[in-house]
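First comes the structure, then the notes that go with it.
Taken together, the values in this text are just the output of simple stated rules run on the coordinates, not laboratory data. Values in this document were obtained by computation on a predicted structure and should not be read as measured data. Don't worry about glycine lacking a Cβ; one is built from the backbone with ideal geometry, like all the others, and counts go over all protein chains shown.
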Amino acid sequence: MELAYKHPKSLKSIQTKYCPGCGHGVIHRIIAEVIDEMGLQNKAIITNPVGCSVWADLYFDFDSVQPAHGRTPAASTGIKRMLPDHLVICYQGDGDLAAIGTAEIIHAANRGEKFTTIFVNNAIYGMTGGQMAPTTLVGQHATTAPEGRDPILAGMGYPIRVCELLATLEGTKYLARGAVNNAVNTRKTKNYIRKAFEAQMRGEGFTMVEILSQCPTNWQMTSLESVEWLEKNMIAFYQLGEIKNTLSAPATAQAH
Amino acid sequence: MAEEIRLMKGNEAIGEAAVRAGCRAYFGYPITPQNELTAYMAKHMLAKGRIFIQAESEIAAINMVYGASSTGARAMTSSSSPGVSLKQEGISYLCGADLPAVIVNVARAGPGLGGISPGQGDYFQATRGGGHGDYYTIVLAPKGVQEAADLTYEAFSISEKWRVPVLVLADGLIGQMMEGVVFPEPIDPATLPRKDWAVGHVTEMHRPYNHVTSLNLEPDGLEAANRIRFERYGHIKEELVRYEEIDVDDADIVFVAYGTSARVCHGALEMARAAGMKVGLFRPITLWPFPSARLAGLAERGKRFLCVEMSMGQMVEDVRLAVNGKVPVYFYGRCGGNIPSQEEVFAEVKRLMAL
Ligand SMILES: Cc1ncc(C[n+]2csc(CCOP(=O)(O)OP(=O)(O)O)c2C)c(N)n1
Ligand code: SF4
Ligand SMILES: [Mg+2]
């Protein structure tokens, strides 16, 4: 009898260092599933960022490169330009992408670099212990926003909607926002990833899937509370769906 | 077939040498006095179907080099002092991940924005690693256009052999001046072998998956990796040290100078010899590894040294370390973008001869 639901080949079957309820693990799994389904394990290269997913190379079973904090889009540019027929995945957190690496992501997107960014938006700096991120919601607590993010009096600014920010750039071809707080959203997100990877392999231009992701540890919640909080607060601010889709070829991906 | 002699600016000669060395990817950001190099690479790399990107910053450029080098391709960036400061994080990562790369610094005078005239104030940064952590880069210092081309060409293979980034430390004068130059044979990058440590082409390479990283949270693991790298540095010190000596044998005072200041010292040496003074010139070509053993040997023979630099005195510290107090080491420097004249250096040597 054929096994209908099995561990993806592109993901090692070892225990991760992620906290219980963390979104990173789910995201790893759906990336690995798409790579398996596309038969690209031997052509995949991931740049794992400085952040909780810095050890992605322990879990993904394919080539990887670990660049400096925020410089992943620049390193991915160098890799993809040298290996245009490979699948290059630029995995980034919100601190990595939307704070220290803002210049790198904007210019990689604007050049239409043909790799795919997986942007894990957990509205917090996970690895360093819960500091405010550029994506932290107004009023959300962080160690560096002890009274909650206050854009006006404390001058902490407003949360950045990265897909919408990048959508004005002509080099961007596909910008989608998903979430991994429940099975339905996870399936949709996997579909976005597949569309982005397929567009990358066709050489269409810059593709990115932003994924709203739970960080129960630094949100100081249980896993269950964190998926509910994401649903109620993050999705209310960060609209889900395909924010921009100017792919030329007909989308071949189906919801699985 | 003998190659023709071409009259070229140093910056362009460096570019042509890199193209001939099989450089597959160049990433740069505009800064004076190296702009001709970036423009040369734009024209010639794109014409050859290779990769040229004008990056959004020097930080992005060095990280593009990091990515390209991770695939085993010959990759390069160039800049001048303020831009090279921005590259230091990336250079530290390249060293931590044992990736080859060629980085050219057509140095200017600092600190800060400083000026755009030639300087040698980046010696400490170049020879002490420059970024965070325990590491060195190989540093090659040309004295003119021909040597800038030769060292740039060779920098790629040296860097690949040792898996250590190579910094070509020129200065604004060498970048801007024109001299005759004959280039080495072009290498077709397609003929260069794939690297077993690089990412990509897994199936063709029949290898396990590779992970290019400088991360190691286990203190014992990180220490072991650093120790292995330092063993390699030991071999580099044995094999790579290069210098040039002029009239050193009978000299009482030996100039120690590199790059542009060595050219000035050569002029002062000729003035001194014409006046009957026994003066020589010792010119380090590798600034790291530094030719300490040879200098120590000359100190044993009782030579005094006059270190001449376009800085407030940086290489002089390495000279003093090398001679270890055995003989006097004097210093003469100009900075701020000033180049000492051979007359003023000659005057200094006359003063010292009278001591
Ligand atoms: C240059 C530099 N600055 C700061 C850090 C410390 N640092 C490590 S991870 C991180 C934040 C990561 O947050 P994010 O990108 O949101 O990833 P997450 O852990 O939330 O997935 C920071 C600031 C670093 N490693 N390097
Ligand atoms: S700190 Fe947050 S992002 Fe990091 S592993 Fe834990 S839950 Fe995940
Ligand atoms: Mg985060």
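In the protein assembly as shown, the DSSP-assigned H stretches of four residues or longer account for a calculated mean residue ellipticity at 222 nm of -11000 deg cm²/dmol, using -39500 (n - 2.57) per stretch and the full residue count as denominator. Here the dipole of the stretch B:181-337 is about 360 debye; that uses its Cα centre as origin and unit charges on the Cβ of Lys and Arg (positive) and Asp and Glu (negative).
Pairs from the table (A:K12/A:K195; A:K12/A:K80; A:K12/B:K48; B:K9/B:K326; A:K17/A:K195; A:K12/B:K237) lying more than 32 angstrom apart at Cα are A:K12/B:K48; B:K9/B:K326; A:K12/B:K237.
With a/c under 1.5 counting as rounded, go ahead and sort the stretch B:265-355 into rounded, prolate or oblate using the C-alpha gyration tensor (a ≥ b ≥ c being the square roots of the eigenvalues; past the cut-off, prolate if a/b is larger than b/c, else oblate). Mind showing how you got there, number by number?
On the way: a/c = 1.75, a/b = 1.19, b/c = 1.47.
Oblate, because a/c is 1.5 or more while a/b does not exceed b/c.
With the charge dipole of the stretch A:24-245 set up from +1 on Lys and Arg Cβ and -1 on Asp and Glu Cβ about the Cα centre, the Cα lying farthest toward the positive end among the listed residues A:F119, A:L169, A:A56 is that of A:L169. In whole Å, how far is the Cα centre of the stretch B:149-228 from that of the stretch B:58-135? Result: 13 Å between the Cα centres. For chain B, the alpha carbon positions stretch 71, 49, 44 Å along the principal axes, listed from largest to smallest. Comparing A:Q15, A:I160, A:N191 along the charge dipole axis of chain A, the residue lying farthest to the positive side is A:N191, per the Cβ-charge model.
Rounded to the nearest 5, the antiparallel percentage of DSSP beta bridges internal to the stretch B:243-353 is 25%. Magnitude of the charge dipole for chain B, about its Cα centre and with charges confined to Cβ atoms of Lys, Arg (+1) and Asp, Glu (-1), is about 120 debye. Ranked by the mean number of other Cβ atoms within 10 Å of their residues, highest first, the peptides B:112-125, B:204-217 fall in the order B:112-125, B:204-217.
Once you average over the residues of A:36-44, how many Cβ atoms of partner chains fall within 10 Å of each Cβ?
Across the residues of A:36-44, the mean count of other-chain Cβ atoms within 10 Å is 2.
Ordering B:G110, B:H44, A:M201 by Cα displacement along the dipole of the protein assembly as shown toward the positive end leaves A:M201 in first place; charges were set at the Cβ atoms of Lys, Arg (+1) and Asp, Glu (-1).
Annotation: amide H-H contacts under 5 Å for B:D171 (H modelled 1.01 Å from N, sequence separation of 5 or more, or interchain): B:A107. Cα centroid separation, the stretch A:185-215 to the stretch A:42-101: 15 Å. The alpha-carbon positions of chain A define a convex hull whose volume is 121 Å³ per residue.
Once you have a ≥ b ≥ c as the square roots of the Cα gyration tensor eigenvalues for the stretch A:149-240, tell me rounded if a/c is under 1.5, and otherwise prolate or oblate according to whether a/b is larger than b/c. The shape class here is oblate. Going by neighbour counts of Cβ atoms within 10 Å, the residues B:F230, A:F62 line up, fewest first, as B:F230, A:F62. Would you mind classifying the stretch B:1-123 by shape? Square roots of the alpha carbon gyration tensor eigenvalues, ordered a ≥ b ≥ c; an a/c under 1.5 is rounded, otherwise it is prolate if a/b is larger than b/c and oblate if not. Note, shape of the stretch B:1-123 comes out oblate.
How large is the dipole of chain A about the Cα centre if only Lys and Arg carry +1 and Asp and Glu carry -1, each at its Cβ, rounded to the nearest 20 debye? All intermediate terms of the calculation are to be shown ahead of the outcome.
Details: 23 positive and 23 negative charges, 81 e Å.
It comes to approximately 380 debye.
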